Structures are given as structure tokens and as C-alpha cells.
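Worksheet for the structure shown next.
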Amino acid sequence: MLKRALLKVLLILFMICSTLSFANFGVGAGFGEPSGLKIHYDFNNTTVLNIDLGYNFLFGTSGATIGADIWFLNDELLIIDRKRYPVFAGVGFQDTVSNLFGGNPSNSFGVRVPVGLIIPVYLEDRHTLRVIIQAGPLLNVSPGFEVSATLGVGAVYRF
């Protein structure tokens with residue numbers, strides 16, 4: 001039953017991503033907490049939807065993870081040699097299922113508040129590779145209250 005639910009979530013994410021404009025869409029990988037697939041959709045120059053599908057193994061509950069955040073970017077705070085490096089703060093959720101393929105799966109749901117830095121690498125044909133460094137608290141609210149952390153680096157190729 002849990003496998004079907006995870007498959008439904010992945011199918012819904014795929015359908016959402018396939019209908020979005022590819023000009024504002026990016027896919028990449030993240031390493032840390034969680035490690036796995038990163039999907040970005042830019043609503044505008046200051047707001048990004050970040051979706052993480054991966055696995056937690058560093059802090060808190062270990063297991064398969066899905067998370068989504070809204071990031072608010074500010075490219076005025078960090079300017080070095082006339083290059084802008086956007087910093088961001090956001091809010092979102094993270095749902096972790098431990099023992100997914102084992103006998104007794106358990107679920108952990110929390111709210112996360114990521115902050116970080118984006119280092120844009122400009123490629124040919126107006127494409128961009130975003131190198132991302134992020135950290136922040138994770139407040140698990142289910143099944144019990146627990147404070148943990150998210151920490152990671154990643155890269156997202158924007159189409």
C-alpha cells in the first residue's frame with residue numbers, strides 16, 4: 001500500500017513538471033540531508049519551488065524522503081565583482097518514511113526552514129547550472145515533536 005502511495009506521488013510530480021514551462025524548470029541532484037533528486041520551478045526572479053526526492057541518513061529519522069519548499073531569493077545581498085549570488089530563505093515540509101521496504105514502515109512529518117546560497121554558473125545557449133548550499137532547522141511534528149536539521153549541497157541544471 002505504501003509503495004502505491006509513493007508511486008502516485010511520483011506520478012503526480014511528473015505530471016505537474018511535464019506541464020510547466022521548461023524555461024523556468026530545472027533538475028539536478030543534492031547531497032546531504034536529504035540526498036537525491038532536486039526539481040526546481042521558478043515562478044519569477046525571486047520565488048522558486050524546490051522539490052526534493054531522496055533519502056535521509058545524516059540527522060533525525062533515516063528513510064525515503066519527499067519534501068517541498070518555497071524559496072524567496074534576494075540577489076542584492078551578495079555581489080562580488082559585479083556578479084550576483086542569490087541568497088534565499090524559505091519554508092516547506094519534509095515527509096520521511098523509514099523502513100519503506102521492511103516490515104514496519106514508520107512516518108515522520110516536519111516543517112523545514114531552509115536558508116542558503118545559490119552560485120549561478122552560466123552555460124552556453126542561455127542555460128544555467130545552479131550550485132546550491134543550504135542548511136536549516138527541521139521541526140518534526142509527527143509522530144512526536146523533534147528538532148533536527150537539514151544540510152546539503154547540490155546542483156540544478158535549468159533548461
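We did not get these values from a lab; they are worked out from the coordinates using the rules stated. Note that the structure is a prediction, hence the values are computed from the model and not measured. Note that we place each Cβ from the backbone using ideal geometry, even for glycine, and neighbour counts take in every protein chain shown.
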³J(HN,Hα), Karplus 6.51/-1.76/1.60, whole Hz, each residue of the stretch 125-130, x for Gly, Pro
6, 6, 8, 9, 10, 9
Say a paramagnetic label sat at a point 7 Å from the Cα of Asn24, along Cα to Cβ; which residues of the stretch 35-72 have their backbone N under 15 Å from it?
40-51, 70-72
Student exercise, the stretch 25-159 dipole from Lys, Arg, Asp, Glu Cβ charges, in Debye to nearest 20:
180
³J(HN,Hα) across the stretch 132-140 via Karplus (A = 6.51, B = -1.76, C = 1.60, θ = phi - 60°), whole Hz, x for Gly/Pro?
10, 10, 9, 7, x, x, 10, 9, 6
Pairwise Cα inverse-distance average, inverted: Kirkwood Rh of the stretch 22-159 (Å):
15.4
3J(HN,Hα) from dihedral phi, the stretch 41-52, Karplus parametrisation 6.51/-1.76/1.60, rounded to Hz, x for glycine, proline:
9, 8, 6, 7, 6, 10, 10, 10, 8, 10, 10, 10
